[in-house]
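Trainee: I'd like to ask some things about the structure below.
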Amino acid sequence: GAIASFIGTSASFNASTTAVNSSTQITAVAPKSSFLNAQEPYGVKVLNVSGLSGILASQINVDSSPVFNTASGSLGTIDHTQLPSSYSLTALSATDPDGDTVSYSKASGSLPSGLVLNSSTGAFSGNVNQIASTTTFNFNGRATANSKNTDRSFSIAQEGFLNQNGTQFAYSFNNS
């Protein structure tokens, strides 16, 4: 005879079924579609047949944030002698506890000019433009799953390309 309900930030609804398993355990079931991200975290209220009730606040999050597998910090160095196909940069990698697809973006900061972050794989590619002196590019990578974002700080170093007189060499790569 107990009734379980789920209490969001501005709305609530009853479980579709409630079963009292024992004096210390109740199973309450509701369709996932009943839970809205904007209402989380949900509390759980149980009302027993005698009219007594109890609430556990902030117990259910509908959509969890993705979790980075890639450690913050340096993702590697682009050597001025490397062809784009041989950049050895660590890709961004994250997983979502809910099993949602994760996409990647640069939330802030800068990447070496010509370097692109693949939004589906988290890998870097492109033809970086030459620079005169070694530079470290700092940026915040973002992992997004459903409506949740997680940001993490990363860096990529790019070596400069100078001759003995301190002037820039001209060079180009032909990938054909």
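The values are calculated or read from the model by the stated rules, or taken from the named source; none is laboratory data. In this text the structure is predicted, and so the values were computed from the model without any measurement. With ideal geometry, Cβ positions are generated from the backbone for all residues, glycine too; neighbour counts draw on all protein chains shown. Heavy atoms of the whole protein, side chains included, go into the accessibility calculation; ligands, DNA and RNA do not. Shrake-Rupley method; radii C 1.70, N 1.55, O 1.52, S 1.80 Å.
Trainee: Enumerate the aspartates and glutamates that LYS106 could reach by cross-link, defined here as Cα to Cα under 12 Å, with residues fewer than 8 away along the same chain left out.
Mentor: ASP151
Trainee: Now a separate question. Got a sec to turn the phi values of the stretch 56-69 into Karplus ³J(HN,Hα) couplings, 6.51 cos²θ - 1.76 cosθ + 1.60 with θ = phi - 60°, whole Hz, x for Gly and Pro?
Mentor: With the stated coefficients, the stretch 56-69 comes to 9, 7, 6, 9, 10, 9, 6, 10, 7, 6, x, 10, 5, 8 Hz.
Trainee: How big is D, in µm² s⁻¹, for the stretch 30-108 by Stokes-Einstein at 4 °C and 1.567 mPa s if Rh is the Kirkwood radius over C-alpha pairs? Let's see the in-between values first.
Mentor: Details: Rh = 17.1 Å.
In µm²/s, the coefficient rounds to 76.
Trainee: Highest mean first, what order results for 50-58, 151-159 on Cβ atoms within 10 Å?
Mentor: Numbers: 50-58: 10.0, 151-159: 18.6.
Highest to lowest by the protection proxy: 151-159, 50-58.
Trainee: Using alpha-carbon pairs under 8 Å, 6+ residues apart, how would you state the relative contact order of the stretch 11-158 in percent?
Mentor: That works out to 21 percent.
Trainee: Please work out how much length the chain gains when fully extended from ALA19 to SER120, using 0.36 nm per residue of separation minus the C-alpha to C-alpha distance, in nm with one decimal. All intermediate terms of the calculation are to be shown ahead of the outcome.
Mentor: Values: separation 101, 0.36 × 101 = 36.36 nm, distance 4.25 nm.
That works out to 32.1 nm of additional length.
Trainee: Quote to one decimal, in nm, the extra length available between ASN127 and ILE3 on full extension: 0.36 nm per residue of separation minus the C-alpha distance between them.
Mentor: Taking 0.36 nm per residue and subtracting the Cα distance, the gain is 38.5 nm.
Trainee: Taking the dipole about the Cα centre of the chain, with the C-beta of Lys and Arg at +1 and of Asp and Glu at -1, give me whichever of ALA38, THR77, PHE6 is farthest to the positive side.
Mentor: Of the candidates, PHE6 comes out farthest on the positive side.
Trainee: Any idea how far apart GLU40 and VAL67 come out in nm if each label point goes 7 Å out from Cα toward Cβ?
Mentor: Modelled inter-label distance: 1.4 nm.
Trainee: Further question on the same structure: Across the stretch 1-51, what fraction of all alpha-carbon pairs, as a whole percent, falls in each successive 10 Å bin from zero upward?
Mentor: The calculated distribution, bin by bin, is 26, 52, 21, 1.
Trainee: Once you treat every alpha carbon in the stretch 62-131 as an equal point and sum by Debye, what is log10 I(q)/I(0) at q = 0.21, 0.23 Å⁻¹?
Mentor: Debye curve over Cα of the stretch 62-131, log10 I(q)/I(0) at q = 0.21, 0.23 Å⁻¹: -0.95, -1.08.
Trainee: Based on the Cα gyration tensor of the chain, what are the three equivalent ellipsoid semi-axes, each the root of five times an eigenvalue, rounded to whole Å and given largest first?
Mentor: Over the Cα atoms of the chain, the ellipsoid semi-axes are 55, 13, 11 Å.
Trainee: Moving on to the next point. Of the heavy-atom accessible surface of the stretch 1-150 (probe 1.4 angstrom), what whole percent is carbon and sulfur?
Mentor: Values: 4160 of 8320 Å².
Solvent-exposed carbon and sulfur of the stretch 1-150 make up 50 percent of the total.
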